[in-house]
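The values are calculated or read from the model by the stated rules, or taken from the named source; none is laboratory data. Please read these numbers as outputs of a predicted model, since none were measured by experiment. Cβ placement follows ideal geometry from the backbone for every residue including glycine, while neighbour counts extend to all protein chains displayed. All accessible areas refer to the heavy atoms of the entire protein, side chains included, with ligands and DNA or RNA removed. Shrake-Rupley method; radii C 1.70, N 1.55, O 1.52, S 1.80 Å.
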Amino acid sequence: MNALRTIGRFVRLEVRLYVALGRWLARRVDVPEGARGWGYSRMVTPVMWLWIFGSACELPIAHVLVPWEGVRIALLVVGVWGLVWMIGLLASLKVYPHLVTRTGLTVRFGTLARIAVPWTAIAEVRYDDRDIEGMVRTLRPRETDAGTELHVPVNNRVNVVLVLAEPLPVPTPKGVVDAVLLGIWLDDPRDFVAATRAAIASAGSVGGPV
């Protein structure tokens, strides 16, 4: 059963990446009416394009260097799949930004993370540029004296911290955790903090100082 669930997760991820790629090609960023999207992919985009370029270069090289036709075909299929997968991953970061709406914040990381946070659940929002050591996976919780911190980093960095008014249940690959703090990365963090504080104030809450 565990193997079947793992396979199912990979299949769903694959389908979502292809949907994101289609959205990107059609220039249909997923920002509902009345919401504002906030990007987080600027820092990682050049690195991902280098990976994509390197993978594209491997295809003709393998075709020239490998003498066996069956192996060449297999390498071509795997290479094209990997290339499309990486482009789909980049597309997902572009078309699924964080969302600021009238009722709350939606934290996203492509198709891999989606956390809905109502404004009333946020006690403080502040700019806080920090490295998250050992963070190699999205939505990896960290235990602290204050409780569970949950970070959605880009290149192992976050620059905005949301302190929650009370523990917020968040589904993760390791199960549901009660987060007391969320760390996220924004391309324009200070503008995001200002806009978020304005939304919190209009919802009757108060944000912390910059």
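Pairs are defined by a Cβ separation below 9 Å, a sequence spacing of at least 6 or placement on different chains, a first member in region 171-183 that is part of a strand (DSSP E or B), and a second member that is loosely packed, with under 14 Cβ neighbours inside 10 Å and acidic (Asp, Glu); the pairs so defined are Asp178/Glu166; Val180/Glu166.
Does at least one position in region 140-149 carry a residue that is free of Cβ contacts under 8 Å to residues at least 40 places away in the same chain, within 14 Å of the chain's Cα centre (by Cα) and surrounded by fewer than 19 Cβ atoms within 10 Å (Cβ to Cβ)? Yes; the residues of region 140-149 include at least one that is free of Cβ contacts under 8 Å to residues at least 40 places away in the same chain, within 14 Å of the chain's Cα centre (by Cα) and surrounded by fewer than 19 Cβ atoms within 10 Å (Cβ to Cβ). Residues in region 87-112 that are charged (D, E, K, R) and under 24 Å from Ile52 (Cβ atoms): Lys94, Arg108. Meeting the requirement of 1 or more residues that are closer than 25 Å to Arg16 by Cβ, of a type in the set (Gly, Ala, Ser) and open to solvent by 10 Å² or more (accessible area, probe 1.4 Å), the strands (runs of 3 or more DSSP E) wholly within region 74-135 are 113-118.
Residues that are part of a loop (DSSP other than H, G, I, E, B), surrounded by 11 or more Cβ atoms within 10 Å (Cβ to Cβ) and over 27 Å from the mean Cα position of the chain (by Cα) within region 35-73 comprise just one, Val66.
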